[in-house]
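Here is the structure we will look at.
The values are calculated or read from the model by the stated rules, or taken from the named source; none is laboratory data. Just so it is clear, the model here is predicted, and its values are computed rather than measured. As a convention, Cβ positions derive from the backbone with ideal geometry for all residues, glycine included, and neighbour counts pool all protein chains shown. Ligands, DNA and RNA are stripped out before the accessible areas are found, and what is left, the full protein with its side chains, is counted by its heavy atoms. Shrake-Rupley method; radii C 1.70, N 1.55, O 1.52, S 1.80 Å.
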Amino acid sequence: MDVRKAPNVVIIGLGYVGLTLSVALARRGVQVYGIEKRPDVVEKTNAGVPHFAEVGLQAALADVVKS
């Protein structure tokens, strides 16, 4: 995907679906903005650490957070 033409996406809720979708889109070059009301989830996500276990998610999240 051409990053210059990539859409911006807002994901409301970074639970099981929202976080994995956000990471998948971000890995494709989409600029993703996540909205989450739980401060602990926001803190972990910003640190690149998912708040639940999913194979491969921690490495992928850490990769997109630092980019």
So which pairs qualify, if the first residue must be in the range 35-54 and within 11 Å of LEU14 (Cβ to Cβ), the second must be polar (S, T, N, Q) and modelled with pLDDT of 95 or more, the Cβ gap must be under 8 Å, and the two must be at least 6 apart or on different chains? GLU36/THR45; PRO50/GLN58; HIS51/THR45
Tally the residues that are aliphatic (A, V, I, L, M), modelled with pLDDT under 95 and open to solvent by 50 Å² or more (accessible area, probe 1.4 Å), restricting the search to the range 1-52. 2
